[in-house]
Structures are given as structure tokens and as C-alpha cells.
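The values are calculated or read from the model by the stated rules, or taken from the named source; none is laboratory data. Everything quoted here is computed from the prediction, not taken from an experiment. Using ideal geometry, Cβ is built from the backbone for each residue, glycine included, and neighbour counts are taken over all protein chains shown. Accessible surface areas use protein heavy atoms only, side chains included; no ligands, DNA or RNA. Shrake-Rupley method; radii C 1.70, N 1.55, O 1.52, S 1.80 Å.
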Amino acid sequence: MTDHMPDIATPAGRDLRAYTDELRPRHRVIENDAGYWVLLRHADVVAAALDDVTFSSDVSRFLQVPNGLDGDEHTRFRRIVDRYLTRTALEPFVPVFERIAAELVAALPRGKPVDAVSEIGAVFAVRAQCAWLGWPADLEPRLLSWMEANHAATRSGDLERTAEVAGQFDAIIRSVLAPRLADPDAAPDDVTTRLCRETVDGRALTEAETVSILRNWTGGDLGSIALCVGVLIAHVTKEPAIAQRLRSASDAETDAIIDEILRLDDPFVSNRRITTCPVRIGGKDLPANARVKLHWTSANRDEAVFGDGFAPEANAAANLVYGIGRHVCPGRLLATWQLRIALRAILDAVDSLAFAPGKDPEREVSPVGGYRRVPIVLR
Ligand code: HEM
């Protein structure tokens, strides 16, 4: 075994879970072919996420609010983001998400193959996020084809292609902002308009800052929700006993089961950091400015912490699906509610779920996690 893993910014064609399960017992950190130091174990990922002075998030040449910011600057912007994602702010959207999920599931064909990722997860994510942000429903086809192009660019590892796709997304966001900025008095009272009116340090947010926040709430998260729905549906299709348990579970029990399924198969694979000084990990010396990946998918399966069983309650405290530390996911409640609502809508609408005959679920290609396709039949 070498100390190198294929560049996880290029398709490795392997299930990341099996691959990192193989590496993790022998290696705390691996230097991959793209020059990233990949942290594989739970303790190291947690320590790096909590030490945000040594492990800076200032990793991109693009403005990333708040995820690319450090220290006090991060705190100031994070305060703005957090206001939109509290229980009180999100509660009014629950019935909206429930209606969206019920209508989507009602319109799905019965007895024929349906892809749980592109036809359920992605469509639900786009509709729910548009409803939350106050974006027009007719953006749906553009957002769906953007998600597809974004995954394809990420898989390709081609940075120019990724930048081009990011540019296309900014154009979508600017098209939503333009009418609100042109005539603020006529702007609808929704999350996007309210965000446009936010201030930081006594000044208005710049357009670039607003675009960056919205990109963060949509660009990454639409894909994450879609992939999570795919993982959840694949799991409950494979494990009818868990589907049965979910049918009578309370909200809290449902959320714990969802988190545990995602811990075992976390499609939100990794986040980047850059070291601000030399640091020693697992006998390896990482210099200052070393590029590091916190590998959530691997850390979440660390046998030293979790054992190998399915144990929602016992494993909840150490679960890293939504990260830890300063940058811990502010959208956790929104994601948790959306995932619970989507999964319940499916389970409520059918007697049974089965994989489509002759069409096995297909894993995504590294560095994207989860499944690319989960063909199921609803009965
Ligand atoms: C199932 C879906 C989701 C998963 C698995 C997920 C996971 C994560 C993780 C692991 C981080 C930590 C990043 C780091 O440490 O660098 C993060 C950060 C973040 N997430 Fe989520 N997320 C999800 C959905 C959402 C949603 C729906 C939103 C909001 C609409 C959201 C907004 C953010 C933001 C803004 C950050 C950056 C926070 C900061 O830098 O302070 N996420 N997410």
C-alpha cells in the first residue's frame, strides 16, 4: 500500500466508502496525487475542524461567504446566515415542503422504474429551495440541468469546466436578484429580498457577497439534498425492516435514523482547509500552506468510534454528517426537515419499494459521493 490515493479531484471509479475503509486502519493521513493531505480518521478530522486557526478555510480564489472566511470576519457573516435558518424562521415552510413532496410523489408513475436521485431527490430539492427562497418555479428546468452539469464538471476534475459551470450558476442568481435590486419597493417580501437588505459592519452587503451566500444555499445544497434522498431511498429499499420502523417512528426517531443512514453512506464527502503553520499528524509533517481535506465520509465510518453496527441513538453524538466547529452546517435543520418530509412522503404513498428489475443502483464517481442513479419501482 502506498501513501498515495488517486487524486480525489479526478474520477477514481471506486466506491469511496470501500476505498477509505481499506486505507483508514493503516493511515491517519494520505497525501493524494493532487497534493492534498486527506485526513481519514474521526479524531483527526474533528481536531482539524475545531482548530480553525491552524486549519484555515481561506482555500479558494473565489469569494465564499461564509464558508471561505476565517475568524471574526466569518463570525460577522455567519450571524447573518444563521438568522435565516432558525426553527422560527423555517417553521412556516414546513407545510409548503410537505405539499411539494406529496404532489411530487403523487405524480410519479407506479409499477415503472423511477430514479430516486434525479426524479425524486433533485426535483424535490429544487422545488423546496425555490419555495424557501421565493424563486420563480419556472427556474426549475434551468436549475435541474445546472445540477447535472455541476456534477459532471466535478466528476471530470477539470477546473476550467467547474469554473464555467459556477459562472452559469451566478448568472441564474443574478437573474433573480436583478428585479429586486432594480426596484426595491416592488420587491416581494421573501428570503431573497430580505437577504439583499442585510448589512454588515454598518454597510449593505455587496452584490458579490449576496450572490456568494445564495450560491452556498443553493449550488451545493441542492446537490447534497438530492444525493441524500438517493442514499436514504436506496437504504430503505434494501432494508425493509428500517422502512417498517420509519412508518411508525416519531419525528425525533426518524431524524436519528436518517442521520445514521447518512453517517454510514455520507454523500457530502469532504471539505478543504489550508494550514497556516507547520503541523504534525500521524507522524507526517505538513508544512504551512498545505492543502488538506477533512474526509467526512471516511471519518463517519471510523471503526474506532462507531463499531460496525446500525445504532442511531448510540452514534448520534459523534456523527459528522453536518460537520463540527466554526463552520458546522447552519442548514442542518432545513436539511433534516426536508429529508424527513421527502422520505415520509414516499413511505406514506406506497405499500412497498423495490429496486427496478435488471437496473442496479449505480454509485456516483469519486469525488462525488452517494449514488448517481437509484432506479426503484413504487407499488
Ligand atoms: C443534507 C444536506 C447537507 C449536508 C450533508 C451538509 C453538510 C455540511 C457540512 C459537512 C458543512 C461543514 C463545512 C466545513 O466545515 O467546511 C456544511 C457547511 C455549510 N452548509 Fe451544509 N449541508 C447540507 C445542507 C445545507 C443546507 C440545506 C444549507 C442552507 C440552505 C446549508 C448551508 C451550509 C453553509 C452556509 C455552510 C458553511 C458554513 C460556514 O462556513 O460557517 N447546508 N454543510
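Per-residue SASA remark: ARG203, around 90 Å² accessible (1.4 Å probe; ligands, DNA and RNA not included).
Place +1 on the Cβ of every Lys and Arg and -1 on the Cβ of every Asp and Glu in the stretch 16-378, take the dipole about the Cα centre, and give the residue among ALA299, ALA166, VAL53 whose Cα lies farthest towards its positive end. Value computed over the given set: ALA299.
Per atom type, the stretch 16-378 shows carbon and sulfur on 53% of its accessible surface, probed at 1.4 Å.
Label point of SER352 set 7 angstrom out along Cα-Cβ; within the stretch 365-379, amide nitrogens under 18 Å from it belong to 375-379. Heavy atoms of the protein chains alone define the surface here; on that basis the chain has 43 Å² accessible area per residue at 1.4 Å probe size. For ASP52, the solvent-accessible surface computed with a 1.4 Å probe is close to 40 Å², ligands and nucleic acids excluded.
Estimated at the nearest 10 Å², the accessible area of LYS284 is 50 Å² with a 1.4 Å probe.
Straight-line reach from LYS359: which aspartates and glutamates fall under 20 Å, measuring Cα to Cα and dropping same-chain residues less than 8 apart? Correct list for LYS359: ASP15, ASP115, GLU119, GLU239. Note on ALA241/ASP15: beta-carbon distance plugged into 1/(1 + (r/R0)^6) with R0 of 25 Å gives a FRET efficiency of 0.60. Under the criterion of Cα pairs below 8 Å and six or more residues apart, the relative contact order for the stretch 16-378 equals 30 percent.
Report the calculated FRET efficiency for ALA149 and ARG194 (r = Cβ-Cβ distance, R0 = 22 Å), to the nearest 0.05. After rounding to 0.05, the efficiency reads 0.15.
The mean sequence separation of alpha-carbon pairs under 8 Å and at least six residues apart, normalised by the residue count of the stretch 38-146, gives a relative contact order of 14 percent. Only lysines eight or more places from LYS284 in sequence, or on another chain, were considered; those with a Cα closer than 26 Å are LYS293.
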